[in-house]
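The values are calculated or read from the model by the stated rules, or taken from the named source; none is laboratory data. Source: prediction; values computed, not measured. No Cβ is skipped: glycine too gets one built from the backbone with ideal geometry, and neighbour counts run over all protein chains shown. With ligands, DNA and RNA removed, areas are computed over all heavy atoms of the protein, side chains included. Shrake-Rupley method; radii C 1.70, N 1.55, O 1.52, S 1.80 Å.
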Amino acid sequence: MKKKKQPIFNIYIVLMLIFFYLPIIYTIFFSFNETKSLTHFSGFSLRWYEKMFADRTMMEAIWYTFIIAIIATVVSTVVGTITAIGLSKSKRIVQNLVEQINNLPIMNPEIVTAVGLLMLFASIKGIEKGFVTLLLAHIMFCIPYVILSVTPKLRTLDPNLTEAAMDLGATPWQALTKVIVPQIMPGIVSGALIAFTMSFDDFVISYFVTGNGVNNISTLVWTMSKRINPSINALSTIIIVIITIGLILANVVPLLKDKKEKKRI
Amino acid sequence: MKQFRKMTIPYIVWMSVMIVIPMLFIFMYGITKEGNSVVTLNFTLDNFAKFFVEPIYIDVLIRSMRIAVVTTFFCILLGYPAAYAISRCNEKTQTLLVLLITLPMWINMLVRTYAWMGMLQDDGLFNTLLGLIGIGPIKMIHTEAAVVFVMIYNFIPFMILQIYTSLTKMDKSYLEAASDLGATPIQAFRKITLPLSLPGVVSGITLVFLPAVSTFTITSLIGGGKFSNVGNIIETLFLKSGDWNAGSALSLILAVIIMFLMYLTKKVDKDPSNGRGRI
């Protein structure tokens with residue numbers, strides 16, 4: 001069927017994109033404002049960036065955000081992958097059960113997961129709200145996403161390959177690292193990416209489980225946003241730049257790889 | 001290959017502690033009276049009744065629902081044409097557009113909401129623009145309309161992506177068959193495209209409605225605390241007034257609504273007679 005060009009649709013898409021990017025452009029623009037105003041641009045300055053880098057709580061929050069996102073990503077990717085592989089060889093009933101429970105934190109509104117964890121941590125004596133609770137919570141909500149992105153790759157795997165490897169004398173460990181893992185690598189990588197962004201971006205759960213002055217970027221923005229503070233714009237701009245670069249890399253690198261491989265063939 | 005089965009044991013233990021026990025906590029707190037120890041449990045349904053009896057809570061529940069329903073409605077109304085428009089582009093443009101829509105979603109919701117806070121001020125971007133053509137200033141920030149507007153902004157990408165996915169999954173040969181048999185494009189859209197994209201709309205509704213009821217950031221920042229929703233009450237009950245029993249009961253209600261919506265989505269998605277039966 002021939003598609004007719006309909007300019008009205010193109011205009012609509014452009015309007016939508018303007019709508020989506022307006023606040024982002026606004027944030028970046030006003031991060032360079034000379035004065036405190038969020039409404040009138042009076043001149044270019046890097047004042048808010050200087051202020052941000054001089055602010056200890058802000059730098060701490062950035063540090064916590066990164067360190068937690070990195071640890072949570074590594075742990076959840078390893079545990080999630082191991083679990084997904086184990087599940088693929090388990091009985092149907094175990095698979096279903098784990099899948100159902102795993103879906104709970106994905107399906108539930110974040111706030112429900114958050115209050116559940118709040119009560120869990122409060123009931124354990126000797127655990128203080130802060131870095132540890134924040135990290136445990138982040139690992140908790142990241143693992144289901146890793147399992148979710150690795151499992152489909154395992155389903156398409158040929159089980160005969162693993163069996164062949166073991167028949168030929170490979171130990172289970174060798175079969176795992178040399179046969180299974182390389183084949184499901186794309187799933188593991190996308191799982192890790194999702195885990196990192198989930199952890200990096202999380203506000204609701206972090207807000208409920210943190211304490212004792214431990215803040216990540218989101219919880220800090222929340223406490224600061226009650227008053228006008230253009231340093232938030234500077235911080236946001238840096239986040240936007242990091243995420244944009246990350247997403248472009250994540251999308252462009254596989255494309256380049258594809259091209260290289262095609263050339264080789 | 002049974003030796004691999006043991007690999008699930010650590011996670012099953014972790015999952016029981018970190019996912020199952022918190023859910024049990026919510027359940028137990030929800031159905032018991034305040035000040036319980038493990039030995040003496042006083043069961044009650046007062047925690048639930050509270051939300052349907054006390055006028056303050058009824059107000060909030062009604063407002064929550066109204067805001068969420070209006071937000072969802074506009075997300076469908078504005079999101080469907082966008083998804084449809086994207087699905088008609090060529091493949092490369094489609095990938096690019098999907099990436100462009102996904103990108104803002106990765107940027108913290110708080111950050112984007114904070115930007116709207118600045119733009120919607122009395123002397124903000126919109127009122128300045130309106131002033132240029134001699135209108136205004138119109139009160140925008142701290143109104144219910146502004147809350148709905150920012151919610152639409154934050155949640156419409158979910159709707160667009162869901163509808164887009166179901167539109168691209170659609171078998172295009174149906175449309176060709178329809179036009180061969182003499183259907184006008186509008187008829188073809190109404191009888192084929194629309195019903196076949198319904199599963200996408202339904203899962204989009206779930207993805208928009210849920211956060212619209214439970215987010216407490218947008219209502220606080222844009223509504224100025226005047227338009228609290230279910231999320232705000234849960235936040236207050238847990239972090240300010242410390243009434244964990246009532247907070248748990250409300251969380252439980254929320255969880256049940258969500259499970260029900262999810263179940264509905266699954267049913268629409270799997271039902272083979274859906275849409276196709278009518279063709």
Restricting segment B:13-34 to residues that are in contact with a Ser or Thr (Cβ under 8 Å, 6 or more places away or on another chain) and within 8 Å of chain A (Cβ to nearest Cβ), the one surrounded by the fewest Cβ atoms within 10 Å (Cβ to Cβ) turns out to be B:25
So which helices (runs of 4 or more DSSP H) stay within segment B:90-173 end to end and still have 3 or more residues that are more than 28 Å from residue B:229 (Cβ to Cβ), of a type outside the set (A, V, I, L, M) and more than 9 Å from chain A (Cβ to nearest Cβ)? B:91-106, B:144-169
Give B:81, B:10 a once-over and let me know the one that is at the interface with another protein chain (Cβ under 10 Å from one of its Cβ atoms), assigned to a helix (DSSP H, G or I) and more than 27 Å from the chain's Cα centre (by Cα). B:10
Which of the following residues is within 20 Å of the chain's Cα centre (by Cα) and buried (at least 22 other Cβ atoms within 10 Å of the Cβ): A:232, A:243, A:194, A:217? A:217
For segment B:216-230, what are the residues that are more than 17 Å from residue A:218 (Cα to Cα) and either open to solvent by 10 Å² or more (accessible area, probe 1.4 Å) or among the small types (Gly, Ala, Ser) (or both)? B:223, B:224, B:225, B:226, B:227, B:228
Tell me the helices (runs of 4 or more DSSP H) entirely within segment A:95-210 that contain at least 3 residues that are in contact with a Gly (Cβ under 7 Å, 6 or more places away or on another chain). A:131-155
Sort out which residues of segment B:206-236 are within 9 Å of another protein chain (Cβ to nearest Cβ) and touching a Phe, Trp or Tyr at 6+ places or on another chain (Cβ under 8 Å), and write them in order of number. B:211, B:217, B:221, B:231, B:234, B:235
All but one of (1) β-branched (Val, Ile, Thr); (2) more than 12 Å from chain B (Cβ to nearest Cβ); (3) open to solvent by less than 80 Å² (accessible area, probe 1.4 Å) hold for residue A:93; which doesn't? (3)
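This table checks each residue for (1) open to solvent by 10 Å² or more (accessible area, probe 1.4 Å); (2) out of contact with any Pro (no Cβ under 8 Å at 6 or more places or on another chain).
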| site | (1), (2) |
| --- | --- |
| A:18 | yes, yes |
| A:33 | no, no |
| A:37 | yes, yes |
| A:45 | yes, yes |
| A:55 | yes, yes |
| A:61 | no, yes |
| A:72 | no, yes |
| A:82 | yes, no |
| A:85 | no, yes |
